[in-house]
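Take a look at the structure below.
The values are calculated or read from the model by the stated rules, or taken from the named source; none is laboratory data. Just so you know, these numbers come straight off a predicted model, no measurement behind them. Here the Cβ is made from the backbone with ideal geometry for all residues, glycine too, and neighbour counts use every protein chain on show. Note: accessible area is taken over every heavy atom of the protein model, side chains too, but ligands, DNA and RNA are not part of it. Shrake-Rupley method; radii C 1.70, N 1.55, O 1.52, S 1.80 Å.
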Amino acid sequence: MSSHPLARVAVVGAGGIGAAAHLPAVTSLAGEVELVAIVDLDEERRTAAGAQFGCGNLYADMAQMQAEQRPDIVIIATPPHLHEPLSIQAMRAGAWVYCEKPLTGSLASADRIIAAEAETGQWTISVSQFRYAGGSQQAHEALRSHRWGRPLIGVAHTTWYRGPEYWDIPWRGKFATEFAGATTTQAYHAVDLLLWLMGGDWASVSGIADTLARPIEVEDASAAVVRFESGAIATLLSTVLSSKQETRLQVIAERATVDLDTLYLPQCDEWSLRRIDEEGQTVVDASWPVPEPPLEVNAHRSQLQAILAAWREGRVPEVTASEARATLEFLTALYKSSATGGPVARGEIGAGDPFYEALDAAGPDRKGVHARV
Ligand SMILES: NC(=O)c1ccc[n+]([C@@H]2O[C@H](COP(=O)([O-])OP(=O)(O)OC[C@H]3O[C@@H](n4cnc5c(N)ncnc54)[C@H](O)[C@@H]3O)[C@@H](O)[C@H]2O)c1
């Protein structure tokens with residue numbers, strides 16, 4: 001029997017990721033949380049999820065659910081354009097929020113969520129599940145402590161495949177509801193993980209984002225070059241057009257190179273470390289990482305456990321809206337660079353800049369903007 005209080009958790013959005021990751025994560029932590037409600041506009045979905053995950057409190061409306069159930073934590077797994085209004089509403093009704101990525105669609109919107117955190121004393125935590133996946137915390141600790149010397153070069157390639165039918169779901173592919181494409185929707189995890197491993201101190205980015213092959217508004221491919229305050233550099237490639245599907249991260253530090261070769265759920269044994277031996281040969285250093293048990297459910301669960309620990313101890317949780325804003329600012333800068341043709345520095349996108357109001361302010365005119373630069 002657990003000695004700490006159970007957190008009352010509600011899940012809003014029982015679609016793809018709600019049913020595949022959040023609800024299994026919540027129900028697998030029965031000693032720590034109580035699933036008090038499922039909310040979804042779609043009656044069939046909420047009924048099916050209620051039956052599958054053993055929850056009888058089913059709602060179409062989050063406000064009614066919060067009034068009746070008073071959850072401590074609300075998980076928001078709805079389409080992106082609803083993240084800001086629902087997060088702010090949930091915090092005002094007295095809950096912490098664990099919100100799917102991308103946190104929201106603009107820096108202006110992120111700043112409204114940050115203001116609501118201050119106003120309510122609650123937190124909105126952004127899903128950043130790769131930071132909590134197998135091996136990631138070990139890689140972060142080693143790189144941040146410069147165990148292998150200074151990190152010099154980073155690589156994050158997200159080369160996934162999504163066929164045209166992927167965009168049959170109406171909110172996908174559109175600026176108004178998805179905000180942006182492959183870089184923000186699919187590559188978010190690798191981008192967020194690489195920035196975190198490199199120390200989060202990105203200083204400028206030059207990028208190209210474009211829609212090469214899919215009939216969608218948002219981009220299906222991007223490439224970028226990044227400079228960090230430390231002097232380190234990185235390259236990013238993000239696409240949904242690749243028949244060879246992989247998520248590949250690499251950090252080249254002074255005395256070792258660390259790699260992650262995965263797809264959707266990094267596991268500890270997908271990380272590797274290489275050094276140059278005394279004969280000048282590349283050797284795999286099998287002493288790192290220290291083996292971890294494979295993730296039992298998913299990395300959303302590992303992040304939820306970290307949130308629950310902070311909630312019980314009354315601590316500020318990790319990856320609140322301010323931290324997610326840093327990744328969002330990076331993505332915005334990449335899109336601005338693509339539209340303007342030059343590097344974009346951290347901090348330069350403020351109120352009054354069209355990119356402050358929208359992640360990809362060029363929007364449907366992006367091709368026209370390209371033609372002019
Ligand atoms: N972290 C990850 O690995 C990951 C993976 C996939 C999707 N996502 C993110 O999760 C979010 C949802 O994506 P999805 O693929 O699950 O979408 P989805 O369309 O499959 O599911 C969304 C659900 O939200 C419901 N919904 C819509 N408006 C609502 C409202 N006002 N109140 C309650 N429910 C409402 C819909 O009926 C639907 O069931 C997106 O932000 C997406 O980017 C994250």
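Looking at ALA60, ALA51, which is the one that is closer than 29 Å to TYR264 by Cα and either under 24 Å from the mean Cα position of the chain (by Cα) or not basic (Lys, Arg) (or both)? Walk me through how you get there before you give the answer.
On the way: ALA60 fails: closer than 29 Å to TYR264 by Cα.
Answer to the check: ALA51.
Could you tell me which residue of segment 253-303 is least open to solvent (accessible area, probe 1.4 Å), considering only residues that are part of a loop (DSSP other than H, G, I, E, B), more than 30 Å from VAL33 (Cβ to Cβ) and among the acidic types (Asp, Glu)?
Here is the first cut: in segment 253-303, the residues part of a loop (DSSP other than H, G, I, E, B) are 254-256, 263-267, 277-281, 285-298.
Filter once more, keeping what is more than 30 Å from VAL33 (Cβ to Cβ): 254-256, 277-281, 285-288.
This time we only want the ones that are among the acidic types (Asp, Glu), so: 254, 277-279, 285.
Numbers: GLU254: 94, ASP277: 49, GLU278: 184, GLU279: 139, ASP285: 27 Å².
Filtering first and then ranking leaves ASP285.
From the list ALA60, ALA51, exactly one residue is modelled with pLDDT of 95 or more and either near the ligand (Cβ under 9 Å from one of its atoms) or surrounded by 17 or more Cβ atoms within 10 Å (Cβ to Cβ) (or both). Which is it? Please lay out each step first, then the result.
Numbers: ALA51 fails: either near the ligand (Cβ under 9 Å from one of its atoms) or surrounded by 17 or more Cβ atoms within 10 Å (Cβ to Cβ) (or both).
From the options ALA60, ALA51, the qualifying one is ALA60.
With in contact with a Cys (Cβ under 6 Å, 6 or more places away or on another chain) and among the β-branched types (Val, Ile, Thr) as the only criterion, which of THR120, THR104, THR124 stands out?
The unique qualifying residue is THR124.
Can ALA213 be described as under 20 Å from the mean Cα position of the chain (by Cα) and at negative phi? If you could, list the steps in order and put the result at the bottom.
Values: under 20 Å from the mean Cα position of the chain (by Cα): no; at negative phi: yes.
Considered against the rule, which asks whether it is under 20 Å from the mean Cα position of the chain (by Cα) and at negative phi, ALA213 comes out as no.
If GLU44 meets every condition in (1) more than 8 Å from the ligand (Cβ to nearest atom); (2) acidic (Asp, Glu); (3) crowded, with 19+ Cβ neighbours inside 10 Å apart from one, which number is that one?
(3)
Among the residues of segment 219-240, write down those that are open to solvent by less than 40 Å² (accessible area, probe 1.4 Å) and out of contact with any Ser or Thr (no Cβ under 7 Å at 6 or more places or on another chain). Show your work before the answer.
First, pick out the residues of segment 219-240 that are open to solvent by less than 40 Å² (accessible area, probe 1.4 Å): 219-222, 224, 226, 228, 231-232, 234, 236, 238-240.
Result: VAL226, PHE228, GLY231, ALA232, ALA234, LEU236, VAL240.
Return yes or no: is VAL12 within 8 Å of the ligand (Cβ to nearest atom), open to solvent by less than 20 Å² (accessible area, probe 1.4 Å) and in contact with a helix residue (DSSP H, G or I) (Cβ under 6 Å, 6 or more places away or on another chain)?
Details: within 8 Å of the ligand (Cβ to nearest atom): yes; open to solvent by less than 20 Å² (accessible area, probe 1.4 Å): yes; in contact with a helix residue (DSSP H, G or I) (Cβ under 6 Å, 6 or more places away or on another chain): yes.
For VAL12, the condition - within 8 Å of the ligand (Cβ to nearest atom), open to solvent by less than 20 Å² (accessible area, probe 1.4 Å) and in contact with a helix residue (DSSP H, G or I) (Cβ under 6 Å, 6 or more places away or on another chain) - is met.
Within the set of pairs 6 or more residues apart or between chains, which connect a residue that is free of Cβ contacts under 8 Å to residues at least 12 places away in the same chain inside segment 91-103 to a residue that is in a helix (DSSP H, G or I) with Cβ atoms less than 6 Å apart?
Close Cβ pairs satisfying both conditions: none exist.
Within segment 148-182, which residues are open to solvent by 30 Å² or more (accessible area, probe 1.4 Å), within 19 Å of GLN245 (Cβ to Cβ) and not in a loop (DSSP other than H, G, I, E, B)?
Those that are open to solvent by 30 Å² or more (accessible area, probe 1.4 Å), within 19 Å of GLN245 (Cβ to Cβ) and not in a loop (DSSP other than H, G, I, E, B): HIS157, TYR161, PRO164, GLU165, TYR166, TRP167.
Since SER206 meets every condition but one in (1) hydroxyl-bearing (Ser, Thr, Tyr); (2) in contact with a Lys or Arg (Cβ under 7 Å, 6 or more places away or on another chain); (3) open to solvent by 30 Å² or more (accessible area, probe 1.4 Å), which condition does it not meet?
(2)
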